[in-house]
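In what follows, a structure is listed as structure tokens, so that the remarks can point back to it.
The values are calculated or read from the model by the stated rules, or taken from the named source; none is laboratory data. Predicted, not measured: the structure shown is a model, and the values here were computed from it. Methodologically, a virtual Cβ is constructed for each residue, glycine included, from the backbone with ideal geometry; neighbour enumeration extends over all protein chains shown. The area values use the complete protein model at the heavy-atom level, side chains included, leaving out ligands, DNA and RNA. Shrake-Rupley method; radii C 1.70, N 1.55, O 1.52, S 1.80 Å.
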Amino acid sequence: MSAHDHGHDHDHGDHHHDNHFTDMEARVKALETVLTEKGLIDLAAIDAIVETYETKIGPRNGARVVAKAWVDPDFAEWLKRDATAAIASLGYTGRQGEHMRAVFNTADTHNLVVCTLCSCYPWSVLGLPPVWYKAPPYRSRAVIDPRGVLAEFGLTLSEDRRIRVWDSTAELRYLVVPERPAGTDGLSEEELADLVTRDSMIGTGLALSPETQR
Ligand code: FE
């Protein structure tokens, strides 16, 4: 895990025994030191935020939103119309989730989310972004060659399925609602949520089917 992944560097105990930092980690460390010395940031507050997004807020939030949309047509309709409010009704609000839009996969259309400019991501429902999401290859190629990118994620869609790419911004974040897998009629909402992977809500994967679920 790089410092970039956390948004800031902190000790994990078993990493960095040799005090050797990567370039990015060293820069983050230096910035942190300067800002702390000038009294501009409170390290404890930053640690609390990182801790929250690492352990309390993650893709499970988004999975619950998707599972509810699968079982509750009224909620799905609300999610389509006003994702921010529908998601907030489940208690998922806050940083980088203030303006949400849910895009629904259908038999005709597959949705894929990227931030070509930087790394905008719906923290309130997915937690912190994976490293590849912030990496230049994904950010540039998701737009130019979405089908090729999906193939690299092991997802090959039929040629007649349209791929729609959504470019996130600081103002608007997207949540992909994957299609409900076949053979899930008898499952509870909680069991359905177990099938909703992080990648399926970014669009680089599909929801798991009950047989393939790990
Ligand atoms: Fe961004």
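Placing unit charges on C-beta atoms (Lys and Arg positive, Asp and Glu negative, everything else neutral), compute the dipole magnitude of the chain about its Cα centre in debye, rounded to 20. Show your work: numbers first, answer last.
Working: 22 positive and 33 negative charges, 136 e Å.
It comes to approximately 660 debye.
With N set to the residue count of the stretch 140-184, report its C-alpha Rg divided by 2.2 N^0.38 Å to two decimal places.
On the way: Rg = 12.8 Å, N = 45, 2.2 N^0.38 = 9.3 Å.
Ratio of Cα Rg to 2.2 N^0.38 Å: 1.37.
What is the percent of Cα-Cα separations in the chain that go past 26 Å? Write down the numbers at each step before the final one.
On the way: 9204 of 22791 pairs.
Considering the chain, 40 percent of its Cα-Cα pairs are separated by more than 26 Å.
Relative contact order for the chain: what is it in percent, counting Cα pairs under 8 Å that are at least 6 residues apart?
Result for the chain is 22 percent.
What trypsin sites (Lys or Arg not before Pro) in the stretch 17-113 are in a loop by DSSP, with at most 12 other Cβ atoms within 10 Å of the Cβ? Please report the intermediate quantities before stating the final value.
Values: sites: 27, 29, 38, 56, 60, 64, 68, 80, 81, 95, 101; in loops: 38, 95.
In loop regions of the stretch 17-113 (DSSP not H, G, I, E or B), the sparsely surrounded trypsin sites (Lys or Arg not before Pro) are 38, 95.
Which one of 50, 26, 186 is farthest out on the positive end of the charge dipole of the chain, using unit charges on Cβ (Lys, Arg +1; Asp, Glu -1) and the Cα centre as origin?
Checking the options against the dipole of the chain, the answer is 186.
Among 184, 22, 109, which one moves the most in a GNM of the chain with springs linking Cα atoms closer than 10 Å?
Maximum among the listed residues: 22.
How are the C-alpha pair distances of the stretch 98-190 spread across 10 Å bins, as whole percents from the shortest bin up?
15, 44, 33, 8, 0
Among 25, 98, 37, whose mean-square fluctuation peaks in a Gaussian network model of the chain (Cα, cutoff 10 Å)?
Checking each option, the largest mean-square fluctuation is seen for 37.
Using a cut-off of 21 Å between alpha-carbon atoms, which lysines can reach residue 38, once sequence neighbours fewer than 8 places away in the same chain are excluded?
The qualifying lysines are 29.
How large is the Rg to Rh ratio of the stretch 37-87 when both quantities use alpha carbon positions and Rh follows Kirkwood?
On the Cα set of the stretch 37-87, Rg over Rh gives 1.27.
What are the GluC sites (Glu not before Pro) within the stretch 109-214 that DSSP puts in a loop, where the Cβ has at most 16 other Cβ atoms within 10 Å?
Listed in order of number, the matching sites are 159, 171, 179, 211.
When the chain is treated as a GNM, springs tying every alpha-carbon pair under 10 Å, which of 155, 192, 175 comes out with the largest mean-square fluctuation?
Checking each option, the largest mean-square fluctuation is seen for 155.
Which lysines does residue 68 reach when only Cα atoms under 28 Å apart count, and residues fewer than 8 places away in its own chain are ignored?
56, 80
Which value at 222 nm does the chain reach when only helices count, each DSSP H run of 4 or more adding -39,500 (n - 2.57), with the total divided by all residues and rounded to the nearest 500 deg cm²/dmol? Kindly include the intermediate steps, with their values, before the conclusion.
Numbers: 12 runs with 90 residues, N = 214.
After summing the helix terms and dividing by the residues of the chain, the value is -11000 deg cm²/dmol.
Per residue, how large is the accessible surface of the stretch 87-214? Use a 1.4 angstrom probe and give square angstrom.
48
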